[in-house]
């Protein structure tokens, strides 16, 4: 058991909403001021540590933890993730931020006792951060079997060589551990048994963090997304997760929940953008009437509301299917959510930015950063096309066989 959440889902929603109203929304400007004042943008924002302690004190901690480990069902967690998703940096306050949630689940499901003690326990306590190191610049990483980074046995060690990029958290000073996916058996005729996942402490010799990458101009500090070079990086064989050749299996087990968590948070982004747009529409006038009186604005608001509600219902149904059947058996609904929700959020936020005029493009509002989040979520954890391809195959088989 890694959590002890006993409050009802409704009580947690009320408690979390009250925390957001009291501690998160009033501090949005201060957070960004402190971030910009840092000498190193990838170091710790002082406000974050203060708020994390408050969240711990109130029991709003590790809310993502699956029900089997003392936490919540996916259906109960979904509204909480939506609330947290309304402010881009707030999930970390509650130790519910990606990629750490997925990495913690990897340790819980696949780590041995020593690995759990060394890495899981400080992650659960919010003392360190972590990275999931899979994507590579030189291959189409949407097919995970393409990864070329080598993880080869040499006596009592494994030696790692390769280049990775878009590695979230790699720049963050609090990050201490990488979960690296690479090829340990490149000649295996089964492409899904060629890969392994191995634990690599960030300070291991041979690791070079070459640069921080941006998405639409955002560096997402202090977590960031980095390009990382591994040159003859040597770690003990005991750092292997689950066993050699099990990397693809671990990746599939990890990414399902992570994909739906992104969808939950994106609904929060879209919902907040809609609320901002409605307030803007009644506060500004053009051509002798408020924006809210213009037909085109009303139509945009109506479409936004409808699309958010549709996506929310799909996400909640997906969460319910995951609770009922498990992530593997709910993969068609996970794919449908991953296809639908990021694009919905991108579209809704874009309309709401337009209603704000030029200001909607600026950092004066949260929407430009949220749009960036929605857009890169269409690539993260597998691009739209891969999920459409997989879902289409599953649906055709289902009805053709029937």
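Is there a residue in region 99-108 that is touching a residue at least 60 places away in the same chain (Cβ under 8 Å), surrounded by fewer than 21 Cβ atoms within 10 Å (Cβ to Cβ) and assigned to a loop (DSSP other than H, G, I, E, B)?
No, every residue in region 99-108 fails to be touching a residue at least 60 places away in the same chain (Cβ under 8 Å), surrounded by fewer than 21 Cβ atoms within 10 Å (Cβ to Cβ) and assigned to a loop (DSSP other than H, G, I, E, B).
Of the residues in region 124-146, how many are touching a strand residue (DSSP E or B) at 6+ places or on another chain (Cβ under 6 Å) and touching a residue at least 40 places away in the same chain (Cβ under 8 Å)?
Residues in region 124-146 being touching a strand residue (DSSP E or B) at 6+ places or on another chain (Cβ under 6 Å) and touching a residue at least 40 places away in the same chain (Cβ under 8 Å): 8 in total.
Which residue out of 151, 159 is outside any loop (DSSP other than H, G, I, E, B) and surrounded by fewer than 18 Cβ atoms within 10 Å (Cβ to Cβ)?
159
When you scan region 179-205, how many residues do you find that are assigned to a loop (DSSP other than H, G, I, E, B) and either in contact (Cβ under 8 Å) with a residue 40 or more places away in the chain or crowded, with 22+ Cβ neighbours inside 10 Å (or both)?
Number satisfying all stated conditions: 5.
Within region 33-52, how many residues are in a helix (DSSP H, G or I) and surrounded by fewer than 12 Cβ atoms within 10 Å (Cβ to Cβ)?
Of the residues in that region, 2 qualify.
Select from region 231-248 the residues that are part of a strand (DSSP E or B) and at negative phi and write down the one among them that is surrounded by the most Cβ atoms within 10 Å (Cβ to Cβ).
In this case the residue turns out to be 233.
Residue 164 - would you say it is modelled with pLDDT under 95 and either under 15 Å from residue 250 (Cβ atoms) or in a strand (DSSP E or B) (or both)?
The answer is no for residue 164.
Taking region 1-32 as the search range and keeping residues that are outside any helix (DSSP H, G or I) and in contact with a helix residue (DSSP H, G or I) (Cβ under 9 Å, 6 or more places away or on another chain), which one is modelled with the lowest pLDDT?
For region 1-32, the residue satisfying everything is 1.
For every residue, the table says whether it meets (1) over 24 Å from residue 217 (Cα atoms); (2) more than 20 Å from the chain's Cα centre (by Cα); (3) assigned to a helix (DSSP H, G or I).
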residue: 314; (1), (2), (3): yes, no, yes
residue: 327; (1), (2), (3): yes, no, no
residue: 333; (1), (2), (3): yes, no, yes
residue: 345; (1), (2), (3): no, no, yes
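Quick one: residue 252 ticks every box in (1) surrounded by fewer than 19 Cβ atoms within 10 Å (Cβ to Cβ); (2) modelled with pLDDT of 95 or more; (3) in a helix (DSSP H, G or I) except a single one, so which number is it?
For residue 252, the exception is condition (2).
Quick check on my filter: what residues within region 364-394 are touching a residue at least 60 places away in the same chain (Cβ under 8 Å), surrounded by fewer than 17 Cβ atoms within 10 Å (Cβ to Cβ) and touching a helix residue (DSSP H, G or I) at 6+ places or on another chain (Cβ under 7 Å)?
Scanning region 364-394 gives a single hit, 394.
Going through region 263-307 one residue at a time, which ones are in a loop (DSSP other than H, G, I, E, B) and in contact with a helix residue (DSSP H, G or I) (Cβ under 7 Å, 6 or more places away or on another chain)?
Correct list: 284 only.
Quick check on this structure: which one of 334, 349 is assigned by TED's automatic domain parsing to the domain that holds residue 380, surrounded by 21 or more Cβ atoms within 10 Å (Cβ to Cβ) and farther than 21 Å from residue 389 by Cα?
349
Evaluate region 75-83: report whether one residue or more is under 28 Å from residue 309 (Cβ atoms), surrounded by 23 or more Cβ atoms within 10 Å (Cβ to Cβ) and out of contact with any helix residue (DSSP H, G or I) (no Cβ under 6 Å at 6 or more places or on another chain).
Scanning region 75-83 turns up at least one residue that is under 28 Å from residue 309 (Cβ atoms), surrounded by 23 or more Cβ atoms within 10 Å (Cβ to Cβ) and out of contact with any helix residue (DSSP H, G or I) (no Cβ under 6 Å at 6 or more places or on another chain).
The values are calculated or read from the model by the stated rules, or taken from the named source; none is laboratory data. No experiment lies behind these values; they were computed from the predicted model shown. Ideal geometry is used to build each Cβ from the backbone, glycine not excepted, and the neighbour counts take in all protein chains shown.
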